[in-house]
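Please read the structure below before turning to the comments.
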Amino acid sequence: MAGRRRALVAPTAHMDEVNGNGHTPAGAVLSDEEAAIAAVDAASERLRQAGREALGVGGADESLGSLRQTLAASGVGIYPAFALGLLVAVDQLQLNAMTIMGPEITAALGIPRPAYALVLVLKTLVVTVAALPIAAVVQRRARRAAVSITTAFAWAVLTAMTGFVVSVWGLLFIAVAAGAATASVRSVHQPLLLDSYPPPARVRIMSFYRGFDNVGEIVGPVMIGVCVVLGLTWRGAFVGLGVVAALAALVASRLRDPGFGTWDTEKVRDVVRSDAGGTEKLDDDEVRLGFFEIARRLLMIPTIRRILAAWAVVGMMLAPFLTYLAFFLQERWGMGTGARAVFSAVTPLFGIVGLRLFGRRGEELFREDPARLVRLSALLMAVGVGAIGLAVFMPVFLLMALLFGAGLGAVSVMIPAMALPMYSIVPAHMRAHLGALTGIFFTGVGGTAGLLLLGGIDRRFGTAGAICSLALPGIAAGFVLRTASRTVNADLDRMLDNIVEEEEIRALTAKGVRLPMLACRNIDFSYGQLQILFGVNFTVDDGEMVALLGTNGAGKSTLLRVISGLGLPSRGSVRFRGADISYVDAERRVGFGISQVPGGKAVFGPMTVVNNLRVLGYAHGRNSKAVDEGIEASFDAFPRLAERRNQLAATLSGGEQQMLGLATAFIMRPRLLLIDELSLGLAPKVVGELLDMVRRINAQGTAVVLVEQSVNVALSVVDHAYFMEKGEVRFDGKAADLLARPDLLRSVFLEGASKGFAKAGDSPS
Amino acid sequence: MSRVRATGRRAPALALVLAVAVVLLPGCSVQGLGFVRDTRISIEAPADNATVRLPFELRWKATDFDGRFVVFFDRSPIRPNQTLRAAVPEDDPCRTEPECPDEAWLLDRNIYVTSEPMLRLERLPDERTNNRAKDRHELTIILLDESGRRSGESAFVREFIVEREDG
């Protein structure tokens with residue numbers, strides 16, 4: 001039954017090297033096979049555990065050294081964290097200057113306040129959006145340090161240039177350009193930081209880095225105050241801040257990118273390599289995902305979805321919070337600009353203290369169980385926003401200030417507590433995209449929603465009411481975040497499994513083991529909450545023709561969609577010639593040679609037969625000559641189509657439409673043709689003609705997967721068959737052996753029979 | 001391979017040059033900009049964030065300046081080197097008049113022109129959005145030269161609160 005269940009390699013591979021794969025007849029030596037599978041499971045679990053330890057999870061019994069000791073042991077200094085921290089602090093300076101000196105700028109330039117506010121909003125928008133292209137820049141090559149340094153110098157120049165602006169347009173250009181430059185902070189900094197430090201130091205390092213953010217919030221107003229004391233205008237202040245930013249960029253100019261996953265995913269790979277007995281670095285021949293494919297891949301990870309949802313709610317709360325806080329302090333406590341600046345400079349101190357206290361404990365929690373760190377971040381969020389909501393009711397200034405400080409401090413600590421589990425479950429080269437996505441969800445989704453929502457509340461209940469109302473989404477975000485603790489370990493294991501599998505494939509390739517054309521492994525697939533496929537394993541070799549059988553609703557067509565890229569699995573992998581294409585776009589898969597003929601709807605009805613074929617050829621980049629040759633070959637194979645070449649496809653009979661669908665194989669010349677429900681609703685004679693053509697296509701070297709409900713039809717043309725039921729593969733073996741399994745076939749026959757009774761005149765399949 | 005490396009090295013420099021060009025071209029200048037605070041005007045009353053009752057007196061001290069002053073309440077001033085006509089929207093009927101804007105037009109929009117370093121304010125619109133809020137205002141004083149144009153980009157800003165009968 002489990003013929004090729006663990007199949008990663010071709011049936012001709014050495015069985016002892018490939019963990020018991022191959023075409024084992026159903027029911028034959030099951031105990032040996034199960035033992036082999038158990039051995040594979042044990043090996044996978046061992047590798048997974050080793051991978052978790054490489055990522056810093058587990059090993060809780062070992063004592064955690066001080067940060068200094070940990071860094072000394074790994075040979076990494078504090079410099080990368082310091083340099084990146086310095087840059088993020090400088091980023092805060094510029095942000096503060098734009099906000100605090102807004103009245104001065106608008107008065108000097110004669111710019112209306114709404115226009116200035118719009119400039120600031122546009123800048124925020126650019127920071128949010130530009131993080132995505134920056135992530136795209138670093139997705140193939142690890143040049144995050146170069147990007148960080150370059151953008152740091154750029155924003156130093158832009159900050160200084162702000163002092164020379166004479167019009168709103170100049171200000172807009174500078175704000176947009178500076179926004180684009182500072183976007184690197186969102187997408188690049190944290191992934192670079194993670195790859196620069198070993199897992200046992202990461203929570204403390206990220207807390208250290210976040211501390212600089214708070215330092216920037218404190219130093220910003222202070223520096224502006226110093227500029228005022230020195231008698232400088234906003235122009236002088238910006239030039240001064242530009243010089244400070246340039247110095248910071250200079251300090252950071254020694255940053256170097258350690259490469260993707262140096263301390264985690266590469267370590268996991270090393271573990272697998274050493275387990276496979278080989279230490280030689282293998283060529284990287286995987287199919288790299290494009291930008292949007294990576295973004296989509298990330299959004300398919302349950303923990304990421306939950307964290308991003310929580311992050312959007314946090315954005316809804318925090319993005320407008322600072323604006324409302326200023327108005328609240330002004331209205332409720334009569335604080336002027338200077339007093340508010342002092343208040344804003346003091347409250348981040350709570351965050352610095354909190355981060356200092358949290359670092360080591362956070363490290364321990366992550367080692368024990370990443371889910372605990374996620375739960376802690378959820379708690380911190382709820383407590384933080386609760387304290388902020390409570391602060392507006394305080395009758396005494398000191399109590400109000402303490403509660404605000406404590407609330408903001410808790411939120412400061414929550415960020416690295418949430419970030420480490422989030423980044424750890426994602427492959428290293430995708431982390432920049434994740435950073436950019438958090439910005440989109442925080443500012444783009446949450447911030448916008450917050451501004452829209454709070455405007456109404458402010459008008460009705462005043463500023464205090466608006467701030468208080470922020471607590472509700474904050475607490476809701478805490479609950480959403482807490483649900484991520486249920487999925488984080490499974491997602492971590494999935495990522496490790498992918499790395500392990502990738503390395504196994506590389507090891508097998510290096511040993512000269514021939515890989516099958518297509519290998520689906522442990523595929524899970526869901527439509528929303530409804531899971532359709534459960535751990536499906538499915539293999540097709542070069543030039544092979546296999547049947548995929550099963551009752552209606554068994555998941556056959558869904559599996560085809562997963563193979564062709566029309567559906568993406570929630571777990572497991574799809575490998576084509578050894579390369580992982582699980583999350584590659586369907587269009588690209590066509591380029592690899594995977595083509596699907598959907599059951600009964602494989603044609604464009606409003607187009608003629610010849611145009612159906614022609615458009616397909618042009619859509620896939622074939623030249624006119626190749627398209628014409630393909631069309632002629634199609635018409636040779638299907639003379640009836642030639643007779644109807646100028647007829648609209650919608651007017652063809654069902655059998656002719658299937659012929660046209662199959663004819664696309666002559667245009668596309670796929671390596672793997674997936675045919676869904678070939679015989680559905682067709683007369684036996686027509687089915688016979690179509691099967692002849694399928695045989696002919698297969699004889700030309702194209703591997704074929706034939707999805708059928710009709711056992712007789714399928715088994716008449718294939719040697720190997722899979723039988724699916726309720727989303728699982730129940731049989732994998734020779735077609736002839738399937739005929740000896742009445743327990744499986746009965747359901748199909750019964751279903752066919754019932755259809756036959758229901759549709760008088762149709763014969764059961 | 002070497003081509004790729006060379007492109008990699010050039011990219012940051014190119015980005016920097018582009019960034020500078022982008023900001024230099026449209027809206028920057030190096031002439032007539034004030035990098036050091038202008039101390040010719042010092043506002044004496046009301047104090048920053050002070051609470052006042054209407055009518056009240058706005059006073060300031062001017063040194064090394066004998067032109068006219070323009071006080072804008074709750075609005076941005078005109079740009080440097082512009083005349084007060086720039087405060088009039090393009091579609092305002094006043095624009096057809098040669099003397100536009102006249103004193104009545106300006107007063108209607110809470111803009112005051114004076115040669116004296118003081119101003120007595122009789123009225124100011126209520127800016128409160130709800131009953132709990134305070135009626136906050138901001139004034140900006142700029143300088144006019146002899147030709148009636150804004151002199152430099154110096155602007156002197158003060159925030160204050162107006163106490164209302166029902167507040």
Can you pull out the residues in the stretch A:203-243 that are closer than 21 Å to A:Val147 by Cβ and more than 33 Å from the chain's Cα centre (by Cα)?
-> A:Gly242
For A:Val540, state whether it is touching a residue at least 24 places away in the same chain (Cβ under 8 Å) and crowded, with 23+ Cβ neighbours inside 10 Å.
-> yes
Does the stretch A:179-190 include one or more residues that are surrounded by 22 or more Cβ atoms within 10 Å (Cβ to Cβ), farther than 25 Å from A:Thr438 by Cα, at pLDDT 85 or above and in contact with a Phe, Trp or Tyr (Cβ under 9 Å, 6 or more places away or on another chain)?
-> no
For A:Arg361, are the conditions met, namely being assigned by TED's automatic domain parsing to the domain that holds A:Thr448, surrounded by fewer than 21 Cβ atoms within 10 Å (Cβ to Cβ), under 30 Å from A:Thr70 (Cα atoms) and free of Cβ contacts under 8 Å to residues at least 24 places away in the same chain?
-> yes
Would you mention how many residues in the stretch B:44-78 are of a type in the set (Ser, Thr, Tyr) and more than 14 Å from chain A (Cβ to nearest Cβ)?
-> 1
Of a type in the set (A, V, I, L, M), closer than 30 Å to A:Met607 by Cβ and over 42 Å from the mean Cα position of the chain (by Cα): does that describe A:Leu660?
-> no
Please specify each residue of the stretch A:230-267 satisfying the condition of being polar (S, T, N, Q) and surrounded by fewer than 22 Cβ atoms within 10 Å (Cβ to Cβ).
-> A:Ser253, A:Thr262
Give the stretch A:248-268 a look and list any residue that's in contact with a Gly (Cβ under 8 Å, 6 or more places away or on another chain) and in a loop (DSSP other than H, G, I, E, B), or say none.
-> A:Asp264
Considering only residues that are facing chain A (nearest Cβ under 8 Å) and not basic (Lys, Arg), look in the stretch B:112-141 and name the one that is surrounded by the most Cβ atoms within 10 Å (Cβ to Cβ).
-> B:Thr140
May I ask you to say which residue of B:Val88, B:Val71 is out of contact with any strand residue (DSSP E or B) (no Cβ under 9 Å at 6 or more places or on another chain) and modelled with pLDDT of 90 or more?
-> B:Val88
Check the stretch B:79-99 and report whether any residue there is of a type in the set (Val, Ile, Thr) and under 27 Å from A:Ile105 (Cβ atoms).
-> yes
Provide a single number: the residues in the stretch A:146-159 that are closer than 17 Å to A:Leu120 by Cα and more than 8 Å from chain B (Cβ to nearest Cβ).
-> 2
Would you check which residues across the stretch A:520-539 are of a type in the set (A, V, I, L, M, F, W, C) and touching a helix residue (DSSP H, G or I) at 6+ places or on another chain (Cβ under 9 Å) and list them?
-> A:Cys520, A:Ile523, A:Phe525, A:Ile532, A:Leu533, A:Val536, A:Phe538
Flagged in the stretch A:392-447 as free of Cβ contacts under 8 Å to residues at least 24 places away in the same chain and either among the β-branched types (Val, Ile, Thr) or in contact with a Phe, Trp or Tyr (Cβ under 8 Å, 6 or more places away or on another chain) (or both), in numbering order, are A:Val396
Output for the stretch A:73-87, where each listed residue is closer than 26 Å to A:Thr182 by Cα and either touching a strand residue (DSSP E or B) at 6+ places or on another chain (Cβ under 8 Å) or assigned to a helix (DSSP H, G or I) (or both) | A:Tyr79, A:Pro80, A:Ala81, A:Phe82, A:Ala83, A:Leu84, A:Gly85, A:Leu86, A:Leu87
Could you say which residue among A:Leu120, A:Leu86, A:Leu64 is more than 14 Å from every other protein chain (Cβ to nearest Cβ) and in contact with an Asp or Glu (Cβ under 7 Å, 6 or more places away or on another chain)?
-> A:Leu64
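The values are calculated or read from the model by the stated rules, or taken from the named source; none is laboratory data. Here the structure is a predicted model, which is why all the values come from computation and not from measurement. Glycine also receives a Cβ, built like all others from the backbone with ideal geometry; neighbour counts cover every protein chain displayed.
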